[in-house]
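Just so it is clear, none of the values below were taken in a lab; they were calculated from the coordinates. Keep in mind that this is a model prediction, so the values were computed, not measured.
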Amino acid sequence: IYLVRDPRDVAVSLCHHASLSLDDAIACMSDPLFCSGGNLQVSYLLGDWANHVSGWTDQCLVRTKAVRYEDLRR
């Protein structure tokens, strides 16, 4: 399951999480070389938002179901 969230909400969340301005958060999200600096169990190049989504949903090794975060909230 790949949870997809509206990128406008992700930008606001990234602002708070990384102590960035909204403009800087948006710039990070659209930078294909932007990587997470945290200690993740699975290391994954974040890339820009669209490539991150397609990187998980277009893979052929494992079937992936995309679910919208906003639909879960509803």
For residue 5, enumerate residues with amide H under 5 Å from its amide H, sequence gap 5+ or separate chain, H modeled in the peptide plane. 69
With x for Gly and Pro, the residue-by-residue ³J(HN,Hα) of segment 52-68, computed from phi through the Karplus equation 6.51 cos²θ - 1.76 cosθ + 1.60 at θ = phi - 60° and given in whole Hz, is 5, 4, 5, x, 8, 8, 9, 6, 9, 6, 9, 5, 10, 9, 8, 10, 7
How many angstrom lie between the Cα centre of segment 10-24 and the Cα centre of segment 46-74? 21 Å
